[in-house]
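S.K.: Shown below is the structure under consideration.
The values are calculated or read from the model by the stated rules, or taken from the named source; none is laboratory data. Small disclaimer: the values here were computed from a predicted structure and weren't measured. Backbone-built Cβ (ideal geometry, glycine too); neighbour counts: all protein chains shown.
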Amino acid sequence: MKYLKKILRFVLPYRKYAFFNIFFNALYALFSTLGMLSILPMLEVLFKESESVTELPKWAGIGKSKDFALDTLNYYVNQNAENSPLQTLMFMVGFIISIFLFKNLFRYLALYSLSFLRNGILKDMRDEMYKKTTSLPLSFFSEHRKGDLVARISSDINEIQNSMLSVLELVVREPLTIVFTISAMLLLSPKLTLFVFIFIPVSGFLISLLGRKLKKMSLNVQKEMGIFLSYLDETLYGLKLIKSYNAEDYFQNRFENSTKRFYDFSNTLIHRQNLAAPISEFLGILTIGVLLIYGGKLVLIEQNLSSSDFIAYIALAYQILTPAKAISKASYKIKKGNAAADRVLEILEIQSPIKDSKDAINKSKFEDKLTFSNVSFSYEKELVLKNINLEIPKGQTIAFVGHSGSGKSTLANLVNRFYEVTSGDISIDGISIKNLTKKSLRGLTSVVTQDSILFNGSIKSNLCLGEKYSEDQIIKALKTANAWEFVKKLPNQIHQNIGDSGNKLSGGQKQRLSIARAVLKNAPVLILDEATSALDSESEYLVQNALEKLMHKQTSIVIAHRLSTIKNADCIVVLKDGKIIEKGKHSELLAKNGNYKLLVDMQNLKS
């Protein structure tokens, strides 16, 4: 199948376990057949159908292999049968037990090796999905549900893993079991075996009819899972709002409608899937019934087949039912896995438009200026920014103001290459940011946003984000951000867990931790995206004081909602409809009596 070729690279690191699994499954299939054949000598002794063999037989070719094996065993049995019948019986029983012991040992070894293959593939696929997800541009996540991505990285990858497991069973263990069993059946009775070959194609055709729509049904189930996981994510994120608006019933109905569709899709899928085993078994029993009629005729009327051979043959024929059912189930799993693989590969094969160029360089210092040259940007067709030309010299503070939707935050996102400019260029020290590695570019900036982004963990882990800093450095950064005063009162101080999204802290405390994180990074360019707009007056004072300390030595890009925070900026840039309409210092812009003055008056600010 086409998707198996695409995900074969996930199997290659674990190929030795695949070879071990194939080898032990082959031995398991062989000993499964030998286990059934091993009862034949005992049956012949019980039915007294075989004559005593007094001379060791000689090999007479593959066509006589059955007689050779039975006569050899008969010879060794008869050596002791007259003197010790009980010892002979114990020998025969021990022989049968040994066959089944090896059969189950090889089955365990096959499963043992398979566990490394299966779990290794699962780990590597999830790792690559996570890596791909974090490498995609922000624009991707505005078009896709987060819950759907969660479903793809969890349940869809599980389906692929299960289908791979089924492929190994389908290709190796079960078919080999059938091949060895049919080979033994041909040795016992070629005539009876013809009936098996008549019914196998019929069985395969009926099962294939059931499986045609399985992939589409599986796709519906997996998509709907992504939808209700998205609803769950939205509910947890906005639970306070939902409660305040008494909207629990609305969101409950929305979630239940999705789970009802999931329920209906799943039932249809499972009902069709569950038909496979009963139909396989019924067709198998039907075959056994025909064999009993025709075989009974060969034994009782034509006497072309011994009773012991016939019983052994029926046991072998029944043994085919188990692998036949397993193959039918595996084929269904493969179809489900195919649907899941389409969804996973859709993400893995997305080509991010924001890549490092082949000759991208690492830049560790900001030495001169940040320049916007005729920069335009559009999210879809409509331009959000239009021909922006601006220089930001090192060490200066530049503030962007304007109504919502004027393009302020978009400018900041373009500096970090979270989005790619539609036309024009942004350069640092004369080098286009497209010619810098993304890692080094983002290493030059620290970002503090309106929404304090914190993770479930300690204060230390939230500030360091994987980098190594000493406790003295962390405490110094907290003091600079006016955060040490509350952190030192916590039971575990910097090792205190702050809960999911920092929900154990107030808004002002969370924002001061975000500033401390930027202080600790100590990047030359600081981007403040409405960092104080969501705070009360007391928190705003503490945060603004911390920001002024932080901005003192750095080049700062400030996106301001509260204009009182940017009066001292070296340059204020006023945006409207994606264009720069005014720029200058606070006093200069007030004197112009233009758009900035109007914004200031709206906030009742006095110069």
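S.K.: Please determine whether any residue of the stretch 414-425 is within 37 Å of the chain's Cα centre (by Cα), among the small types (Gly, Ala, Ser), surrounded by fewer than 17 Cβ atoms within 10 Å (Cβ to Cβ) and closer than 29 Å to residue 547 by Cα.
M.R.: Checked the stretch 414-425: no residue is within 37 Å of the chain's Cα centre (by Cα), among the small types (Gly, Ala, Ser), surrounded by fewer than 17 Cβ atoms within 10 Å (Cβ to Cβ) and closer than 29 Å to residue 547 by Cα.
S.K.: Just one of (1) modelled with pLDDT under 65; (2) assigned to a helix (DSSP H, G or I); (3) over 19 Å from residue 37 (Cα atoms) trips up residue 83, so point out which.
M.R.: (2)
S.K.: Do the conditions hold for residue 493, that is, is it at positive phi and either out of contact with any helix residue (DSSP H, G or I) (no Cβ under 6 Å at 6 or more places or on another chain) or at pLDDT 75 or above (or both)?
M.R.: Spelling it out, residue 493 is indeed at positive phi and either out of contact with any helix residue (DSSP H, G or I) (no Cβ under 6 Å at 6 or more places or on another chain) or at pLDDT 75 or above (or both).
Okay, residues lined up against (1) at pLDDT below 65; (2) more than 28 Å from residue 35 (Cβ to Cβ):
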| position | (1), (2) |
| --- | --- |
| 166 | no, no |
| 174 | no, no |
| 190 | no, no |
| 213 | yes, yes |
| 224 | no, yes |
| 234 | no, yes |
| 241 | yes, yes |
| 244 | yes, yes |
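S.K.: Before we move on, is residue 373 of a type in the set (S, T, N, Q), loosely packed, with under 15 Cβ neighbours inside 10 Å and under 30 Å from residue 577 (Cα atoms)? Outline the logic, then answer.
M.R.: On the way: of a type in the set (S, T, N, Q): yes; loosely packed, with under 15 Cβ neighbours inside 10 Å: no; under 30 Å from residue 577 (Cα atoms): yes.
Criteria not met by residue 373.
S.K.: Of the numbered conditions (1) assigned by TED's automatic domain parsing to the domain that holds residue 431; (2) touching a helix residue (DSSP H, G or I) at 6+ places or on another chain (Cβ under 6 Å), residue 362 satisfies every one except a single condition; which is it?
M.R.: Of the numbered conditions (1) assigned by TED's automatic domain parsing to the domain that holds residue 431; (2) touching a helix residue (DSSP H, G or I) at 6+ places or on another chain (Cβ under 6 Å), the odd one out for residue 362 is (1).
S.K.: Name every residue in the stretch 458-468 that is surrounded by fewer than 15 Cβ atoms within 10 Å (Cβ to Cβ) and either in a strand (DSSP E or B) or not aliphatic (A, V, I, L, M) (or both), in order of residue number.
M.R.: 466, 467, 468
S.K.: Run residue 550 past the list (1) of a type outside the set (Ser, Thr, Tyr); (2) at pLDDT below 70; (3) over 26 Å from residue 417 (Cβ atoms); (4) in a helix (DSSP H, G or I) and report the number of the one that doesn't hold.
M.R.: (3)
S.K.: A follow-up question, please. Against the definition (touching a helix residue (DSSP H, G or I) at 6+ places or on another chain (Cβ under 6 Å), crowded, with 17+ Cβ neighbours inside 10 Å, farther than 30 Å from residue 220 by Cβ and at pLDDT 85 or above), how does residue 392 come out, yes or no?
M.R.: Details: touching a helix residue (DSSP H, G or I) at 6+ places or on another chain (Cβ under 6 Å): no; crowded, with 17+ Cβ neighbours inside 10 Å: yes; farther than 30 Å from residue 220 by Cβ: yes; at pLDDT 85 or above: yes.
So residue 392 fails the test.
S.K.: Next question. Looking at the stretch 103-125, I want the residues that are touching a residue at least 40 places away in the same chain (Cβ under 8 Å) and under 12 Å from residue 13 (Cα atoms) and have a partner that is of a type in the set (Ser, Thr, Tyr) and surrounded by 13 or more Cβ atoms within 10 Å (Cβ to Cβ) with Cβ atoms under 8 Å, at least 6 apart or on another chain. Which pairs are those?
M.R.: Within 8 Å, the pairs are 116/14; 116/17; 117/14; 117/17; 120/14; 120/17; 121/14.
S.K.: Here is a follow-up. Tell me which of these residue 507 doesn't satisfy, since it passes every other one: (1) in contact (Cβ under 8 Å) with a residue 12 or more places away in the chain; (2) buried (at least 16 other Cβ atoms within 10 Å of the Cβ); (3) under 12 Å from residue 542 (Cβ atoms).
M.R.: (2)
S.K.: Are any of the residues in the stretch 563-570 surrounded by 20 or more Cβ atoms within 10 Å (Cβ to Cβ), modelled with pLDDT under 85 and not in a helix (DSSP H, G or I)?
M.R.: yes
S.K.: Would you confirm whether any residue within the stretch 447-456 is farther than 30 Å from residue 589 by Cβ, under 31 Å from the mean Cα position of the chain (by Cα) and acidic (Asp, Glu)?
M.R.: Looking through the stretch 447-456, none of the residues is farther than 30 Å from residue 589 by Cβ, under 31 Å from the mean Cα position of the chain (by Cα) and acidic (Asp, Glu).
One line per residue, one yes/no per condition, for (1) at positive phi; (2) polar (S, T, N, Q); (3) in the same structural domain as residue 515 (by TED's automatic domain parsing):
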{"residue": "400", "(1), (2), (3)": "no, no, no"}
{"residue": "405", "(1), (2), (3)": "yes, no, no"}
{"residue": "410", "(1), (2), (3)": "no, yes, no"}
{"residue": "426", "(1), (2), (3)": "no, no, no"}
{"residue": "461", "(1), (2), (3)": "no, yes, yes"}
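S.K.: Being basic (Lys, Arg) and closer than 19 Å to residue 394 by Cα is the filter here; which residues of the stretch 349-368 pass it?
M.R.: Going residue by residue through the stretch 349-368, those that are basic (Lys, Arg) are 355, 358, 363, 365.
Residues satisfying the conditions are 363, 365.
S.K.: For the stretch 28-51, state whether one or more residues are modelled with pLDDT of 75 or more, crowded, with 17+ Cβ neighbours inside 10 Å and of a type in the set (Val, Ile, Thr).
M.R.: Checked against the condition, which is being modelled with pLDDT of 75 or more, crowded, with 17+ Cβ neighbours inside 10 Å and of a type in the set (Val, Ile, Thr), the stretch 28-51 yields at least one hit.
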